[in-house]
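The values are calculated or read from the model by the stated rules, or taken from the named source; none is laboratory data. In this text the structure is predicted, and so the values were computed from the model without any measurement. Ideal geometry is used to build each Cβ from the backbone, glycine not excepted, and the neighbour counts take in all protein chains shown.
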Amino acid sequence: MSEDAPDAYDEERELRVFLERAVPRPQAPAARLARVRERAARSRRRRIAAGAAASVAGLALAGVLVPEALRSSADPEVVPPAATPPSRQGVDERTVSYRELGGGLTLRLPADWQALAVPADDRTKSPPIGFAGTQRLTLYKQPCKPDEPGGWCNPLDRLDPEDGALLALRSEKAGGLTKRARKPPEFTGGTLRKSCALAGGRLSFTAVLESPEPGRVIVANLCLAPGGSKPRLTEANHIIASATFATKDSPPATAPPS
């Protein structure tokens, strides 16, 4: 290799650099620059949107985790009102009259209650008695004398143990704390009556109603099965609260066979 070779190489490199500096590079087309700017703008918008979403999520989480004591008292929690249960009063009722009790005791019974009127029996000196119950009621074999004073002969074999109810009504002489009418009448609990126990009942209640007959009251004895007694007690209180007298337009309670 000659000694002039390095000098020739250096001259060639310097010439190349000179030419690159002297000749300007072609500019990018305008359309390409526009596309680059649009991509950059879209990228900025995506970053801004992502940051905003993260901020909203953070605020929502902070609202959930903030202690109740730090919430503003001017913005109380809205609690929806509890649903009001439909009232059965006045719905699906029928009116019956026990014409031998107090000159025509009239009651409003729920549609699923039955009624039975039993006349007086001179053979056993039993007064007339009216029944209302949640099952089919039939006249018992007569003569029938109750096993206890103030008791009754049952117009059914056994109460339904789930929600059976039997109401027995009779006219008695007023007197004493146990024979004092209350207005409005209401059942109160007491000792289990033998007549109720014989029908499979486990709860006894008594109420005293006013009577248009001087010196007399209507005594109502309620016998309930051990099952759903609370709703039936509510119904029975509604029944005696509806008591009126001498209503000619009311149909009689189911008449017993002669």
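Annotation: of all residues in the stretch 220-232 being at pLDDT 95 or above and of a type in the set (A, V, I, L, M, F, W, C), the one that is nearest to Gly164 (Cα to Cα) is Leu224.
Residues in the stretch 134-190 that are closer than 19 Å to Ser204 by Cβ and basic (Lys, Arg): Arg158, Arg170, Lys179, Arg180, Arg182. Taken together, Lys145, Lys141, Lys183 contain a single residue that is modelled with pLDDT under 95, exposed (fewer than 15 other Cβ atoms within 10 Å of the Cβ) and under 36 Å from the mean Cα position of the chain (by Cα), which is Lys183.
Does Ala168 meet the test of being modelled with pLDDT of 95 or more and crowded, with 17+ Cβ neighbours inside 10 Å? Show your work before the answer.
Values: modelled with pLDDT of 95 or more: yes; crowded, with 17+ Cβ neighbours inside 10 Å: yes.
Judged against the criteria, Ala168 is a match.
Screening Ala253 on (1) surrounded by 21 or more Cβ atoms within 10 Å (Cβ to Cβ); (2) under 17 Å from Ile129 (Cα atoms); (3) modelled with pLDDT of 90 or more shows it passes everything except condition (3).
Of all residues in the stretch 118-132, which are touching a Lys or Arg at 6+ places or on another chain (Cβ under 8 Å) and either over 10 Å from Tyr98 (Cβ atoms) or in contact (Cβ under 8 Å) with a residue 60 or more places away in the chain (or both)?
Step one: filter the stretch 118-132 for residues touching a Lys or Arg at 6+ places or on another chain (Cβ under 8 Å), giving 124, 126-130.
Thr124, Ser126, Pro127, Gly130, listed by residue number.
Across the stretch 209-224, the number of residues qualifying as within 15 Å of Ala132 (Cβ to Cβ) and either surrounded by fewer than 19 Cβ atoms within 10 Å (Cβ to Cβ) or under 28 Å from the mean Cα position of the chain (by Cα) (or both) comes to 3. Which number in (1) touching a residue at least 40 places away in the same chain (Cβ under 8 Å); (2) exposed (fewer than 13 other Cβ atoms within 10 Å of the Cβ); (3) in a loop (DSSP other than H, G, I, E, B); (4) out of contact with any helix residue (DSSP H, G or I) (no Cβ under 6 Å at 6 or more places or on another chain) marks the one condition that Pro231 misses? Answer for Pro231: the failing condition is (3).
Of the residues Gly51, Gly58, Gly130, which single one is at pLDDT below 65 and either surrounded by 16 or more Cβ atoms within 10 Å (Cβ to Cβ) or more than 30 Å from Ile240 (Cβ to Cβ) (or both)? It would help to see each step written out before you state the result.
Details: Gly51 fails: at pLDDT below 65; Gly130 fails: at pLDDT below 65.
Just a single option satisfies the conditions, and that option is Gly58.
Please specify each residue of the stretch 200-228 satisfying the condition of being in a loop (DSSP other than H, G, I, E, B), touching a Lys or Arg at 6+ places or on another chain (Cβ under 8 Å) and under 19 Å from Gly175 (Cα atoms). Scanning the stretch 200-228 gives a single hit, Gly215.
Filter the stretch 81-106 for residues that are among the basic types (Lys, Arg) and at pLDDT 50 or above and give the result. If you could, list the steps in order and put the result at the bottom.
Filtering the stretch 81-106 for residues among the basic types (Lys, Arg) gives 88, 94, 99.
Passing the criteria: Arg94, Arg99.
Suppose we keep only residues that are in contact (Cβ under 8 Å) with a residue 60 or more places away in the chain and surrounded by fewer than 18 Cβ atoms within 10 Å (Cβ to Cβ) within the stretch 148-162. Which one would you say is farthest from Lys194 (Cα to Cα)? So that I can check it myself, show each step before the final result.
Of all residues in the stretch 148-162, those in contact (Cβ under 8 Å) with a residue 60 or more places away in the chain come to 150, 152, 159-162.
From what is left, the residues that are surrounded by fewer than 18 Cβ atoms within 10 Å (Cβ to Cβ) are 150, 160-162.
Details: Gly150: 10, Asp160: 17, Pro161: 17, Glu162: 20 Å.
Checked the stretch 148-162; the qualifying residue farthest from Lys194 (Cα to Cα) is Glu162.
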